[in-house]
Every structure is written in structure tokens, then in C-alpha cells.
Amino acid sequence: MIEFLTHIVLPIVKALFLPFDLVLGWITIFGSIGALVAVGALTGVAVNLFQKYCSNQTLLGRRRADLDKLKLLMSAAKQEKDTDKIARLSSLTGQISSKYALESLKPALYSVPVLCILAMWVGARLCFEPVRPGDVVETIATFEDGASGFAHVVPNEGLTFDGAAIMPVTVPKSASADAAKSPQALWKIRAEKTGDHTLLIRHGDDHYTVQLPVYAKAGHPPEQAAVFRTESPSRDRLLSLEFKLHEPVESAWWNLKMQGMGIYLLASLAFGLALRRVMGIQ
């Protein structure tokens, strides 16, 4: 299952990110938080456009009017304590309500898959700060249980080390007794100048590369994690590489404890509800 997710699903998702990179990549000029709010606003607009033009608004309007009239009749029947009339009106209200809901949900058939990919794009591109010249990025390489020896980062013109380049592959002292203890090697990589730099790591006879883009302004963060394999026959190889990236906001109640994604969701909801009335959507 992990192999399927790593080698099939993940490449497909990355390929689906390309249209969003082309259409929305410029939005990073507003900064991390500004970009999250802007994409949230665009999401709210898009959802309302789907709702307006992919559903029968005339039919929905008539059904809404019928439901409003039935509500008045139901109120009168309750005052008269006419149980038979209440039962008939309740049945009719239920039928119209279900048809109203089905018609209003039709746009979801078109919008939900796109919105799911967009949310994943926001998580990957906007929920972490881009790397700037002078930033130090903590880099963690995780190995299989049988790995040992040393791993080192090959010098790069745009990337230097805040510490040693050669690190031992060992189980971290901070690993809890109950946790799975995987050997790791840790580096602190300093970004010296802008550019799309390649970080090259060697362990034994193997070498691994990941991209570490550095921007003076705007731009997007590197991929937070690169998975090279889930297991090997020798059980002593490098599994993954993770960058500890800065987030634009800390977890708080006002962002639903979801950091940047919380800002995006709140902006989408706020603009979506506000524009619904402005655009006259049923």
C-alpha cells in the first residue's frame, strides 16, 4: 500500500499540481499569509460560479419559494392543531427539500475533485515559508534499521553547512523508548544565494538528490519530504529526507489549530458565504 501511494499516487498528484503552478504561482508575491487569503478568496468565487452556472437556479428558486410558502402553511396548521394537515405538509416539505438538495449538490460533482487537488496544492505550496538567502534549513535523513556508518552532503555553490557536512547515521538520543527507533543523520544547511539548488547526499555507494530552491522574494517552499523507498532487501539504505520548514503562522484557536491551512479554509468560507448573497445564488 505504501509503495502504491509513493510511486503511483504521489507522482499523479504532483502532475496535477502543474496547472495550479501555472495559474496561481504568481500569487506568492503577496507573501505567505496574503497568498493564503487570496487563494481562499478565489476559491470562494470559484465555488459560487460553479453553483450558479452548473445548477438550475430558476428551478431552485421556485423550490425555495415553495418551501417558504409551506413554512407559512405549516405554522398556520400548528396554530390550528390540524394534525392531518401538518402530516401532509411535512411530507410535501420533505419531498421538495430532498429535490432541492439534490439539484443544489450537482455542482459538487464538478467542483469537489478540483477543490481537493487545490487544497493539497495550498498545503504544499503556501503553508510553509520559502527558503531565503541566509536561512538555515534543518535537514533530516531517515534510514532503515540496519543502516550505519556516515552520510555526508556534497558541497554546493549555493548551499553551505551550519555545522559538519559528514554526520553519523545513528538513532537520535531524543527518540522515546516506545517509538520506532530509526537511524537518522541531521544537517543544518545554509542557503547562500538564490537559485534552484540541488542537494546531493551520499551514503556508502549510493547518492540521493533533492531540489532546494532559494528565492529572494515570492517563490514557493521546497517539498517538505522526499521518499526514496519504503524498504530494501539489505535493510540498510536511506528511506527519506525531510526539511524542517518555517510555517507562516503558529497553531492557534483562530486558525482552527491548522496553521496556514486554517487561514485558507476560513478565507474560502468567508468569501464563499459573502458572495453567495451578492451573486443571488439559491
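Every read-out reported here was derived from the displayed coordinates using simple, explicitly stated rules and does not represent laboratory data. Being a predicted model, the structure only gives us computed values, none of them experimental. Cβ sites come from the backbone with ideal geometry, for glycine too, and all protein chains shown count toward neighbours.
Rounded to the nearest 10 degrees, the inclination of helix 83-105 to the longest alpha-carbon principal axis of the chain is 40 degrees. In the chain, helices alone account for a calculated mean residue ellipticity at 222 nm of -15000 deg cm²/dmol, with every DSSP H run of four or more residues adding -39,500 (n - 2.57). Each 10 Å bin, from zero up to the one with the longest distance, holds this percent of the alpha carbon pairs of the range 57-105: 27, 49, 20, 4. Across the range 1-82, Cα-Cα pairs farther apart than 21 Å form 64% of the total.
Counting only alpha carbon atoms, the long axis of helix 259-278 and the longest principal axis of the chain meet at about 30°. Each of M74, M279 has some number of other Cβ atoms within 10 Å of its Cβ, and from fewest to most they run M279, M74.
A convex hull fitted around the alpha carbon atoms of the chain yields 199 Å³ per residue. In angstrom, the C-alpha Rg and Dmax of the range 125-241 are 14.7, 44. Near H197: Cβ cut-off under 14 Å, other residues only, Lys/Arg at +1 and Asp/Glu at -1. The net charge is -2.
Hydrodynamic analysis of the range 35-129 uses the Kirkwood radius over alpha carbon pairs. Inserted into Stokes-Einstein at 4 °C and 1.567 mPa s, it gives a translational diffusion coefficient of 80 µm²/s. Counting beta carbons within 10 Å around each of K52, K257 and listing the fewest first gives the order K257, K52. As a calculated quantity, the FRET efficiency between D21 and D82 at R0 = 51 Å, using C-beta atoms, amounts to about 0.25. Report, in listed order, any pair from K14/K244; K69/K106; K14/K257; K181/K257; K14/K52 with a Cα-Cα distance greater than 23 Å. The pairs that break the limit, which is 23 Å between Cα atoms, are K69/K106; K14/K257; K181/K257; K14/K52.
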